[in-house]
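These notes concern the structure reproduced below.
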Protein chains: 4
Amino acid sequence: MRYNRTYGKFVEEYEKESVVQMKNKIIATSIELFEKQGFTETSIQHIVDALDVTKGTFYYYFQSKEQLLMDIHTQYIDDLLYRQQQLIAEHRTAKERLTAMLHLLIEDIEIQGARARVFLREMRHLIDTNSVEVKEKRDEFRLVIEEVIRQGIETGELLDSLDPAITAFAFLSLTNYSYNWFNPHGALTAAQLSDAYKDIFFKGIAKEG
Amino acid sequence: MRYNRTYGKFVEEYEKESVVQMKNKIIATSIELFEKQGFTETSIQHIVDALDVTKGTFYYYFQSKEQLLMDIHTQYIDDLLYRQQQLIAEHRTAKERLTAMLHLLIEDIEIQGARARVFLREMRHLIDTNSVEVKEKRDEFRLVIEEVIRQGIETGELLDSLDPAITAFAFLSLTNYSYNWFNPHGALTAAQLSDAYKDIFFKGIAKEG
Amino acid sequence: MRYNRTYGKFVEEYEKESVVQMKNKIIATSIELFEKQGFTETSIQHIVDALDVTKGTFYYYFQSKEQLLMDIHTQYIDDLLYRQQQLIAEHRTAKERLTAMLHLLIEDIEIQGARARVFLREMRHLIDTNSVEVKEKRDEFRLVIEEVIRQGIETGELLDSLDPAITAFAFLSLTNYSYNWFNPHGALTAAQLSDAYKDIFFKGIAKEG
Amino acid sequence: MRYNRTYGKFVEEYEKESVVQMKNKIIATSIELFEKQGFTETSIQHIVDALDVTKGTFYYYFQSKEQLLMDIHTQYIDDLLYRQQQLIAEHRTAKERLTAMLHLLIEDIEIQGARARVFLREMRHLIDTNSVEVKEKRDEFRLVIEEVIRQGIETGELLDSLDPAITAFAFLSLTNYSYNWFNPHGALTAAQLSDAYKDIFFKGIAKEG
DNA sequence: CATGAATGAGTATTCATTCAT
DNA sequence: TATGAATGAATACTCATTCAT
């Protein structure tokens with residue numbers, strides 16, 4: 001499982017295989033249900049019924065419903081940051097890097113759509129320190145984009161007139177909003193969508209600048 | 001009250017002024033609470049406490065909590081569609097129309113942010129027929145944008161290479177995602193943001209097309 | 001109802017008769033159950049089943065189980081303090097006052113034994129500010145006894161060698177511990193018991209001092 | 001360990017040393033927790049966490065949580081009865097015997113306060129036969145006091161007017177209630193308290209008999 | 001001896017909704 | 001119009017106990 005790459009590294013060392021397996025089973029099922037019905041509307045009972053275990057089992061693996069949500073968020077954002085770093089290392093120009101990130105994020109909706117949707121939608125239900133922690137990581141991801149844009153401006157690849165912060169938000173709007181409407185099982189593929197967005201984002205829509 | 005323009009039209013014909021007033025008071029208070037805490041997390045008790053009335057009063061004006069949410073959605077989207085039509089009538093070129101819509105939507109977050117956020121966030125809690133009805137109106141709004149883009153391509157204002165549907169989604173991504181991060185009380189004004197977005201959307205970010 | 005004397009004064013002015021009645025019914029039933037099974041072992045379900053109402057009803061009248069316990073404690077200790085003041089006013093000498101308090105407390109076990117037992121036993125389950133509040137009132141009651149003893153020493157009624165604080169605790173030990181074993185339905189009456197305790201407390205058990 | 005004197009006698013014959021040790025470790029830890037939080041509020045999980053073992057270990061040594069409580073009670077009351085017998089053997093007059101018992105019980109709160117408090121507070125949680133068994137031993141302890149008083153009356157040491165049963169309860173009230181308020185770490189020592197109580201109990205508080 | 005995953009019945013509390021007044 | 005007492009079903013969470021390993 002791809003999403004387990006980074007998370008797994010740390011976990012497997014001190015948690016038994018079976019514990020990790022059951023934890024991941026609970027997470028996988030929860031993600032499906034959270035996506036369909038929303039976090040609040042999905043009860044622990046729903047989750048354990050779907051898994052054919054009892055509530056006690058759930059609470060053996062997770063301290064609380066909120067902790068489960070936090071685990072989902074942490075897995076997702078940690079993996080995303082890891083892949084962002086890889087991609088930065090693999091590419092040099094701002095255009096290449098932004099294109100790669102566009103592909104990364106939109107293909108994520110194709111590959112692990114439910115997980116992405118839960119991540120983008122349900123953050124509000126994290127409490128106190130947890131929401132701060134996730135927010136910081138999301139900011140980190142965004143600031144990397146901002147920095148790529150800033151460097152692109154400096155190197156002359158991108159327009160001088162751009163505000164890097166606003167432009168980073170524009171970039172994230174395109175990718176993050178797409179989970180609202182993009183259907184990976186429809187006629188339009190993720191590759192086509194990210195290509196189309198790449199053109200719009202880089203060249204704009206008007207005929208002459 | 002601006003949001004009452006279209007809604008009022010139908011209502012005032014068969015409902016007494018005072019009924020409309022109390023209904024709007026409940027709606028206004030609910031929007032504030034829904035924005036702060038979310039729809040599910042806000043109880044009827046919260047709402048009536050904030051208004052210093054009793055539950056019975058609430059249920060005299062609304063059949064259910066969901067019906068209240070539906071009313072909020074209907075008011076919002078009807079008003080938006082009305083203003084979209086006005087703006088289409090006032091402008092001729094695709095660029096002008098798109099620019100006007102960009103301003104409309106982003107300034108909405110400044111002027112009636114809570115209402116916009118509740119609209120964009122809580123649609124999931126509408127039930128079957130209601131969610132279909134709202135979805136149809138949202139589609140209607142989007143298809144107008146699509147049509148403006150299509151005409152812009154035909155008239156040569158916009159690039160031939162564009163897919164009007166995807167481009168309309170890109171447009172809506174910029175506007176609709178901004179409620180997630182744009183703070184109307186911050187240093188950046190809505191006017192500045194919509195200007196920046198206009199540039200990015202029309203001209204792109206790359207130095208040479 | 002005697003225990004409602006002071007409590008009632010304030011309540012009846014702003015709460016409807018029927019609310020007070022249901023509240024008192026819930027309190028009365030809860031006291032019975034708390035006495036028999038203990039606070040923790042008595043569930044809200046037990047209470048509402050005994051009353052043939054639903055859980056919702058319980059929570060309409062009480063914010064929480066702990067709040068119910070607090071109400072029971074407040075009613076009890078407020079009434080006790082009130083009666084202590086009356087009795088102080090009615091008597092002059094230390095002997096008379098202590099005798100009257102002995103009667104008061106032991107007859108309380110006869111008349112409203114369950115209430116007294118719950119009060120003496122379950123204070124531990126009050127939280128934070130509530131337990132402090134009740135503790136302060138219990139201390140107040142005790143300090144009045146201490147003061148009566150102190151004055152008795154000064155006037156020459158009581159032995160100079162006494163430590164008023166320890167003596168007050170000795171007094172309260174006799175009365176408060178009796179709920180553990182004294183059965184009001186047995187052969188020994190409350191009047192006989194308080195008489196016997198009065199003799200022991202004033203004259204001691206040894207043949208010559 | 002003092003509290004193991006009598007208990008140990010029987011146990012060591014058929015249980016391995018290590019079993020007894022682990023059992024006593026569990027008991028010691030449980031007493032601490034029961035005292036701080038109460039029996040019901042302390043979970044097996046709390047206990048085993050504090051000991052850094054697992055639930056399985058607990059259930060290897062005790063059939064149930066209630067059985068653990070019973071063991072605590074049995075150890076305590078058996079030890080108390082044993083020391084009461086010793087003290088009866090060591091002293092002859094009623095005054096000496098009662099004074100010795102007063103010291104015994106109040107110093108117990110100083111030396112093994114938690115154990116005493118758990119014993120006095122949590123008996124209610126013993127089930128049927130167990131609670132009967134403990135009650136019988138507590139009665140036995142009380143009846144020895146009663147008998148000492150009876151003999152004191154006969155020998156002319158104590159007042160003829162006393163009811164031995166009531167007087168024994170008065171005695172136990174002084175000792176047993178003290179765990180509610182007496183703080184062994186405060187300025188007042190157990191020796192001072194038992195001396196003060198001895199005077200009050202023997203000579204009373206009034207200036208002339 | 002000891003583990004720890006799993007159970008199942010329980011707990012306090014919440015809340016949208018109804019309805020007699 | 002409005003009240004507010006009552007419902008009933010749901011919710012997150014706890015915990016003593018069991019048992020295969």
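Odds and ends about this structure:
- Reported count of residues in segment C:169-209, each being of a type in the set (V, I, T) and more than 7 Å from every other protein chain (Cβ to nearest Cβ), is 2.
- Filter pass, C:T175 being over 26 Å from C:E32 (Cα atoms), of a type outside the set (A, V, I, L, M, F, W, C) and open to solvent by less than 20 Å² (accessible area, probe 1.4 Å): no
- Residues that are under 21 Å from C:F201 (Cα atoms) and open to solvent by 60 Å² or more (accessible area, probe 1.4 Å) were ranked within segment D:179-192; the one that is modelled with the highest pLDDT is D:Q192.
- Verdict on C:A100 being hydrophobic (A, V, I, L, M, F, W, C), surrounded by 16 or more Cβ atoms within 10 Å (Cβ to Cβ) and within 14 Å of chain D (Cβ to nearest Cβ): no
- Residue under evaluation D:Y177, criteria (1) touching a residue at least 12 places away in the same chain (Cβ under 8 Å); (2) under 19 Å from the mean Cα position of the chain (by Cα), criterion not met: (1)
- Residue match in segment D:151-169 (condition: free of Cβ contacts under 8 Å to residues at least 60 places away in the same chain and at positive phi): yes
- Tally of residues being open to solvent by less than 60 Å² (accessible area, probe 1.4 Å), away from chain A (no Cβ under 14 Å) and more than 11 Å from DNA strand F (Cβ to nearest atom) across segment B:33-65: 4
- Within segment D:75-132, the set of residues being under 29 Å from C:A206 (Cα atoms) and polar (S, T, N, Q) comprises D:Q84, D:Q85, D:Q86, D:T93, D:T99.
- The residues on offer are D:D160, D:D195, and the sole one that is under 20 Å from C:K207 (Cα atoms), of a type outside the set (K, R) and exposed (fewer than 15 other Cβ atoms within 10 Å of the Cβ) is D:D160.
- Residue that is more than 10 Å from chain A (Cβ to nearest Cβ) and closer than 19 Å to A:L188 by Cβ, where the choices are B:E107, B:E133, B:E146: B:E146
- Out of C:L104, C:L126, C:L162, one residue alone is in contact with a helix residue (DSSP H, G or I) (Cβ under 7 Å, 6 or more places away or on another chain) and farther than 26 Å from C:H73 by Cα. It is C:L162.
Rundown of residues vs (1) in a helix (DSSP H, G or I); (2) in contact (Cβ under 8 Å) with a residue 60 or more places away in the chain; (3) more than 16 Å from DNA strand E (Cβ to nearest atom), yes/no style:
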position: B:T42; (1), (2), (3): no, no, no
position: B:I47; (1), (2), (3): yes, no, no
position: B:T74; (1), (2), (3): yes, yes, yes
position: B:Q84; (1), (2), (3): yes, yes, yes
position: B:L98; (1), (2), (3): yes, yes, yes
position: B:I106; (1), (2), (3): yes, yes, yes
position: B:K137; (1), (2), (3): yes, yes, yes
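- Yes/no for D:G152 being among the small types (G, A, S), more than 16 Å from D:L104 (Cβ to Cβ), at the interface with chain C (Cβ under 10 Å from one of its Cβ atoms) and touching a strand residue (DSSP E or B) at 6+ places or on another chain (Cβ under 6 Å): yes
- Scanning segment B:49-68 for residues that are near DNA strand E (Cβ under 10 Å from one of its atoms) and under 28 Å from B:N180 (Cβ atoms) yields a total of 4.
- Residue list for segment A:66-80, filter: open to solvent by 40 Å² or more (accessible area, probe 1.4 Å) and within 16 Å of DNA strand F (Cβ to nearest atom): A:Q67
- Among residues of segment B:60-104, those that are polar (S, T, N, Q) and closer than 27 Å to B:A191 by Cβ, counted: 6
The values are calculated or read from the model by the stated rules, or taken from the named source; none is laboratory data. Not measured: the values here are computed from a predicted model. Reconstructed Cβ throughout: ideal geometry from the backbone, glycine too, with neighbour counts over all protein chains shown. Protein only, heavy atoms only, side chains kept; ligands, DNA and RNA dropped before computing areas. Shrake-Rupley method; radii C 1.70, N 1.55, O 1.52, S 1.80 Å.
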